[in-house]
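The values are calculated or read from the model by the stated rules, or taken from the named source; none is laboratory data. These figures come from a predicted structure and were not determined experimentally. Cβ sites come from the backbone with ideal geometry, for glycine too, and all protein chains shown count toward neighbours. Accessible surface is based on the protein model in full, side chains and every heavy atom, while ligands, DNA and RNA are left aside. Shrake-Rupley method; radii C 1.70, N 1.55, O 1.52, S 1.80 Å.
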Amino acid sequence: MFKISITENDAERRLVLEGTLVAPWAGELENVWHEAETRRDGRKLVIDLSDVTRISPEGEQVLMRLMESGAKVACDGIFNRHVLKQLYLRCRAKR
């Protein structure tokens, strides 16, 4: 199961993810992010992984592409923090 909700205020537009970020949902996240990016009206765009329970290699690849494109990512939990730290280091190594 996977769910993407969008919340917004004057400062940010947030994509709140819930469930397992695996194929084909990883591709759906990328599509939703691109659409949200075009409609953010100068607000910060944040991907919230606080309620994600699993991230597959496909999900990691999408997150890495979004991070490289400037997405800000927020999360809770030791596992998600570890995954994001590894993705961040991989993004930096590519530069």
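Summary of computed values
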item: Index of the failed condition, Met1 passing every other in (1) aliphatic (A, V, I, L, M); (2) touching a Gly at 6+ places or on another chain (Cβ under 6 Å); (3) closer than 27 Å to Arg95 by Cβ; result: (3)
item: Condition met for Val83 (touching an Asp or Glu at 6+ places or on another chain (Cβ under 9 Å), in a strand (DSSP E or B) and modelled with pLDDT of 90 or more); result: no
item: Selection count where residues are loosely packed, with under 15 Cβ neighbours inside 10 Å, in contact with an Asp or Glu (Cβ under 9 Å, 6 or more places away or on another chain) and over 14 Å from Gly70 (Cα atoms), scope the stretch 1-50; result: 10
item: Output for the stretch 1-60, where each listed residue is free of Cβ contacts under 8 Å to residues at least 12 places away in the same chain, out of contact with any Lys or Arg (no Cβ under 9 Å at 6 or more places or on another chain) and either of a type in the set (Gly, Ala, Ser) or in a strand (DSSP E or B) (or both); result: Gly42
item: Residue count, the stretch 61-80 (criterion: in a helix (DSSP H, G or I) and either among the basic types (Lys, Arg) or in contact with a helix residue (DSSP H, G or I) (Cβ under 9 Å, 6 or more places away or on another chain) (or both)); result: 8
item: Residue in the stretch 6-20 that is within 10 Å of the chain's Cα centre (by Cα), within 19 Å of Arg81 (Cβ to Cβ) and among the β-branched types (Val, Ile, Thr) present; result: yes
item: Selection count where residues are over 14 Å from Glu18 (Cα atoms) and open to solvent by 90 Å² or more (accessible area, probe 1.4 Å), scope the stretch 51-66; result: 3
item: Any hit, the stretch 67-74, residues being modelled with pLDDT under 95, open to solvent by 80 Å² or more (accessible area, probe 1.4 Å) and among the polar types (S, T, N, Q); result: no
